[in-house]
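A short write-up of the structure that comes next.
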Amino acid sequence: MAAVAVSDSLLLRTVLGAPMVFLVSGHAVLQALGMRTTSVSEHLVYTVGAGLAAGIAGGFALNAAGALTPLGWAVWFWAVTAAAALVAVRRDAPDRPAWPAPPRLGLWQGAALMLAVLVATGAYALAVRDEATYRQFKYTEFWMLPSPNGEPGLLTVGIRSAETRAQRFDLEITLDGQPFAIFRSLTIAPGDTWAREISVPVLATRQVAEARLYGPEYDRLYRSVSTLVPPI
């Protein structure tokens, strides 16, 4: 566990981790359960199986705790091996002092424990609800670019909706301030993309093409973009 915490060496983690996963933890679990085998091969098979079972259980536990990391796995197998070894030592030495009796809970202690469980459960439920309803700020993308193939006089206009429901947009394109094209009532669903190639005349002088996006529900300019039309 210390090696995993202080080193990123794949070789070191493999050399120390493989025996812990496949042999040490499984052997400790078998000893804690009191399982006796009749041969080395049988013991090895049972040991590997017990280690894999501990690893599967650890996957569920670490995933629930959000600790599926190399250090989390190291701590898990260390805890499993230490706990199993402690149980095995107590099993093999019955003459040791007995475990202390668990303290008896009074009425108030039980009520406080239940209240703590309810508070923790309620906090977890609220966190899950907030995570489900949280919506990170997003905006509708709008662009106008020259042709990616370098074709003269060809522009690409696109809209990608990030609204929460289908919206209608109006699109107006001007060329050097003069109206050139208009698209009315473009209905775009959330996450969908609308794109169109626009052919514009190519002159001997440079032109500026501008596209304005209007949201009918807002009755105002929503987004605007512009690009240069290269001359001949």
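Under the rule of -39500 (n - 2.57) per DSSP H run of 4 or more residues, summed and divided by the residues of the chain, what mean residue ellipticity at 222 nm is obtained, to the nearest 500 deg cm²/dmol?
-14500 deg cm²/dmol, from helical runs alone.
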*Rg over Rh [alpha-carbon atoms, Kirkwood Rh] for region 141-229*: 0.99
*Using a Förster distance of 25 angstrom, determine the FRET efficiency expected from the C-beta separation of SER7 and ALA53, and round it to 0.05.*
0.35
*Dipole of the chain [Lys/Arg +1, Asp/Glu -1 at C-beta], most positive-end residue of ALA195, ALA209, LEU12*: LEU12
_Gained length - LEU154 relative to SER199, 0.36 nm times residue gap less alpha-carbon distance_ = 15.7 nm
*Given q = 0.08, 0.10, 0.11 Å⁻¹, what are the Debye log10 I(q)/I(0) values for the chain, with equal point scatterers placed on the Cα positions and solvent ignored?*
-0.66, -0.75, -0.79
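Using a Förster distance of 22 angstrom, determine the FRET efficiency expected from the C-beta separation of VAL89 and ARG36, and round it to 0.05.
0.85
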_I need the semi-axes of the equivalent ellipsoid of region 2-92: take the C-alpha gyration tensor, multiply each eigenvalue by 5, square-root it, list largest first in whole angstrom._
24, 15, 12
*Lys, Arg +1 and Asp, Glu -1 on Cβ, resulting dipole of region 163-232 about Cα centre, debye, nearest 20*: 20 debye
*Spin-label model distance (nm) - THR14 vs TYR124, 7 Å beyond Cα toward Cβ*: 3.8 nm
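All of the numbers you see were taken from the coordinates with simple rules; none came from a lab. Computed from a prediction, not measured in an experiment: that's the story for all the values here. A quick note on method: Cβ atoms are made from the backbone with ideal geometry, for glycine too, and the neighbour counts reach across all protein chains shown.
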